[in-house]
There are 2 protein chains.
Amino acid sequence: MPTEDLQRRVRALRRRLGKLHIDALILTQPADVAYLTGFAGEDSWAVVAGSAVYLLTDSRYIEQAQKECPLAKIVERKDPIAQAAGKLATKLKSARTIAVDKAISLAQYETLKKSVGTRLRGASGLVEDLRSVKDESELATIRSAAAIAAGAFQRAVLQARPGITESELAGILDLEMRRQDAKVSFETIVAFGPNASRPHHQPSQRVLRERDTILIDFGAKYNGYCCDITRSFAFGKPTAAYSRAYEVVERAQAAAIRAAKAGAELVEVDAAARNAIRESGLPVYGHGTGHGFGLEIHESPFLKEQAKGRLQAGQVITIEPGVYLPGKLGIRIEDDILITDRGCEILTGACPRRPPW
Amino acid sequence: MPTEDLQRRVRALRRRLGKLHIDALILTQPADVAYLTGFAGEDSWAVVAGSAVYLLTDSRYIEQAQKECPLAKIVERKDPIAQAAGKLATKLKSARTIAVDKAISLAQYETLKKSVGTRLRGASGLVEDLRSVKDESELATIRSAAAIAAGAFQRAVLQARPGITESELAGILDLEMRRQDAKVSFETIVAFGPNASRPHHQPSQRVLRERDTILIDFGAKYNGYCCDITRSFAFGKPTAAYSRAYEVVERAQAAAIRAAKAGAELVEVDAAARNAIRESGLPVYGHGTGHGFGLEIHESPFLKEQAKGRLQAGQVITIEPGVYLPGKLGIRIEDDILITDRGCEILTGACPRRPPW
């Protein structure tokens, strides 16, 4: 992580904290910690207080933290983490208001409260908001993740053959990402035939048959950054019903992509895709139309009905409408886009929509 | 999941709730929800109230919930989950005290509190305690997970050759587990040479060299249940320093396994391994000696210094001492054991300690 990026992020956070009269902020979520310190490990919290950033970690991670964190003061803890954070906070004598991100568990909040007392309050999503607009180094990493995913997808689907199981095809795809120095962004979904009607189907021992359909929802995680792609296609010749539904989903996705630009309301982009499905007479999907991603696979903003807010330039989001007919078929098409002032740029176009068979 | 097991678990929980004067309990953690309902999906909470168990889920999971949950009343939510749980709780008119597991986030607790008001309180680990002693169906599944892991390990390490990367070997091992209908219990760790000195090393593009050493920490997750194994070995002929440290770790592990039985204090088992390392003059590891596992990879009990409590028959735990010399070597040997009245049974003995080269 470039040191200047870390410095800029800490400065931006300090400005926000200043406006909210918060003197110190305790961060418990790995993505927030990584964003402000560069640390990629687990079980560690960050504390931002004045111009200082502390990384609270344990002996397992000291070596790694020293490598990854050019700015943070590394504090080795022996106590359970909330207790250790409490001790650190009590030393911040000049901090009158200490906030902790409300993603903290109630149990850990209570432990912290015991040390910090009335100076402690909760705060929501202050770093997640900053994280939603990506800087250049983050975009470069996300582009790499998307390129790795596209390559892995092409090599993996060529290994699909009648008799292969959903699980094995998922494993082959994951291995292809590993071979390119990436991990999975989330557990790969591979669904054959009607299994695809469950949007969160888990790969099973179901085998691929001639003239089956395949849905693959996957992402590469590269240098800490995710991407998220879904492809749906027929293994042989698709049925007329499948082809028709596929066209509807493509149309819905294109409508949302056309609507996506800086300043567009989240509900507007969501509605663009949803309306296209509704007009076709097919059932409207029950999930959101898309979501931000980055250090986490799901982060702000969220495109869904009743969402509040507008898209901003520099945000990266998925657009992923679908059609699900239980017992019959499931189709979802998902691409990642970068929001720009004039529209958006598709980041996952290199991942083919149909394999070469 | 056998219906009788679910019934027995709910009865056991209701007895505990009765003693604590809790009329209803809201569970937010996927493992707790799975334990009481059989549901294997995500983003769903369970509410136990009197003789009823509710599963609060959304449209994506209705089909799956109907298949997996023979006992629970399935409630489809449209609202965010904490809000939906609040609505459900307000309908439980006769419940004077409603508890929620303290693993809930502070943000969700506050949302819940708004609906439930003063009837709401926190409760810690009530279901996690029950989960630590496994029933027969759980043990059978864990045995299957261990068998799958052992087979996958043997097939994967045969593919280790000079030039392979840590990442690729990790991917091959994961694929071998996938081929047997399992997933990973956690992100597989493969560390070559001195990389193994970081207990939580992430597989990298570091290539395997002649006379390298290998550490692999991995587990298969089968039907929702984990196992957790670490093997450390030399790819060629080990150095004298490696062989000596290996023997120390083996001795430490054997000492802890000898000490492990129903009624043994957690600190006593932890100390057995730690003392064996200390006596050798090598540095004592900074992590715990072991932990329970099951639906989650880390669950109660935890074997560490200052741990309170005793082992119980039916618990399954890891025993995993190590020796770490930064920049030089890392060795950890980890097996899973079932605690019995007379001692323990090793569940992962089928996973060879040294590959056949």
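The table below lists the values:
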{"read-out": "Residue within region A:27-35 that is touching a helix residue (DSSP H, G or I) at 6+ places or on another chain (Cβ under 7 Å), open to solvent by less than 50 Å² (accessible area, probe 1.4 Å), more than 16 Å from A:I104 (Cβ to Cβ) and in a helix (DSSP H, G or I) present", "value": "yes"}
{"read-out": "Test: residue in region B:209-218 that is open to solvent by 10 Å² or more (accessible area, probe 1.4 Å) and within 14 Å of another protein chain (Cβ to nearest Cβ)", "value": "yes"}
{"read-out": "Condition check for B:R143: within 20 Å of the chain's Cα centre (by Cα), more than 10 Å from every other protein chain (Cβ to nearest Cβ) and open to solvent by less than 10 Å² (accessible area, probe 1.4 Å)", "value": "no"}
{"read-out": "Positions within region B:179-231 being without any contact (Cβ under 8 Å) to a residue 40 or more places away in the chain and hydroxyl-bearing (S, T, Y), in sequence order", "value": "B:T188, B:S204"}
{"read-out": "Members of region B:36-70 found to be more than 20 Å from B:R131 (Cα to Cα) and either assigned to a strand (DSSP E or B) or of a type in the set (K, R) (or both), listed by number", "value": "B:L56, B:T57, B:R60, B:K67"}
{"read-out": "Enumeration of residues in region A:79-104 that are in a helix (DSSP H, G or I) and touching a helix residue (DSSP H, G or I) at 6+ places or on another chain (Cβ under 7 Å)", "value": "A:A82, A:Q83, A:A85, A:G86, A:K87, A:A89, A:T90"}
{"read-out": "Residue satisfying all of: in region A:269-302; open to solvent by less than 20 Å² (accessible area, probe 1.4 Å) and either of a type in the set (F, W, Y) or not assigned by TED's automatic domain parsing to the domain that holds A:N223 (or both); farthest from A:S124 (Cα to Cα) among these", "value": "A:Y285"}
{"read-out": "Hey, B:G125 away from chain A (no Cβ under 14 Å), open to solvent by less than 40 Å² (accessible area, probe 1.4 Å) and not basic (K, R) or not", "value": "no"}
{"read-out": "Residues that are open to solvent by less than 40 Å² (accessible area, probe 1.4 Å), in contact (Cβ under 8 Å) with a residue 24 or more places away in the chain and within 11 Å of chain B (Cβ to nearest Cβ), drawn from region A:57-91", "value": "A:Q64, A:A65"}
{"read-out": "Any hit, region A:189-211, residues being touching a helix residue (DSSP H, G or I) at 6+ places or on another chain (Cβ under 9 Å) and of a type in the set (D, E)", "value": "no"}
{"read-out": "Residue within region B:186-197 that is among the hydroxyl-bearing types (S, T, Y), buried (at least 23 other Cβ atoms within 10 Å of the Cβ) and more than 17 Å from B:Q154 (Cβ to Cβ) present", "value": "no"}
{"read-out": "Which listed residue, of A:E138, A:E176, is of a type outside the set (A, V, I, L, M, F, W, C) and in contact with a Phe, Trp or Tyr (Cβ under 7 Å, 6 or more places away or on another chain)", "value": "A:E138"}
{"read-out": "Complete set of residues in region B:2-26 that are open to solvent by less than 20 Å² (accessible area, probe 1.4 Å) and part of a loop (DSSP other than H, G, I, E, B)", "value": "B:I22"}
{"read-out": "Near pairs, Cβ below 6 angstrom, 6+ apart or cross-chain, from region B:36-56 (within 21 Å of B:D79 (Cβ to Cβ)) to any residue that is of a type in the set (F, W, Y)", "value": "B:G41/B:Y61; B:V47/B:Y54; B:L55/B:F39; B:L56/B:W45"}
{"read-out": "Any hit, region A:68-85, residues being more than 22 Å from A:S185 (Cβ to Cβ), out of contact with any Lys or Arg (no Cβ under 9 Å at 6 or more places or on another chain) and among the polar types (S, T, N, Q)", "value": "no"}
{"read-out": "Single match in B:Q154, B:Q159 (criterion: farther than 25 Å from B:D32 by Cβ, more than 10 Å from chain A (Cβ to nearest Cβ) and free of Cβ contacts under 8 Å to residues at least 24 places away in the same chain)", "value": "B:Q159"}
{"read-out": "Count of region B:228-260 residues which are under 19 Å from B:L158 (Cβ atoms), open to solvent by 10 Å² or more (accessible area, probe 1.4 Å) and within 27 Å of the chain's Cα centre (by Cα)", "value": "0"}
{"read-out": "Index of the failed condition, B:A107 passing every other in (1) open to solvent by less than 40 Å² (accessible area, probe 1.4 Å); (2) over 25 Å from B:Q7 (Cα atoms); (3) touching a residue at least 60 places away in the same chain (Cβ under 8 Å)", "value": "(3)"}
{"read-out": "B:D43 within 14 Å of chain A (Cβ to nearest Cβ) and open to solvent by 60 Å² or more (accessible area, probe 1.4 Å)", "value": "yes"}
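Conditions tested, residue by residue: (1) open to solvent by less than 10 Å² (accessible area, probe 1.4 Å); (2) in contact with a strand residue (DSSP E or B) (Cβ under 8 Å, 6 or more places away or on another chain).
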site: A:L311; (1), (2): yes, yes
site: A:V316; (1), (2): yes, yes
site: A:Y324; (1), (2): no, yes
site: A:G327; (1), (2): no, no
site: A:R332; (1), (2): yes, yes
site: A:I337; (1), (2): yes, yes
site: A:L347; (1), (2): no, yes
site: A:A350; (1), (2): no, no
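The values are calculated or read from the model by the stated rules, or taken from the named source; none is laboratory data. Just so it is clear, the structure is predicted and the values come from calculations on it, not from any experiment. FYI the Cβ positions are ideal-geometry reconstructions off the backbone, even for glycines, and counts take in every protein chain you see. Heads up: the accessible areas ignore ligands, DNA and RNA and are worked out on the full protein's heavy atoms, side chains in. Shrake-Rupley method; radii C 1.70, N 1.55, O 1.52, S 1.80 Å.
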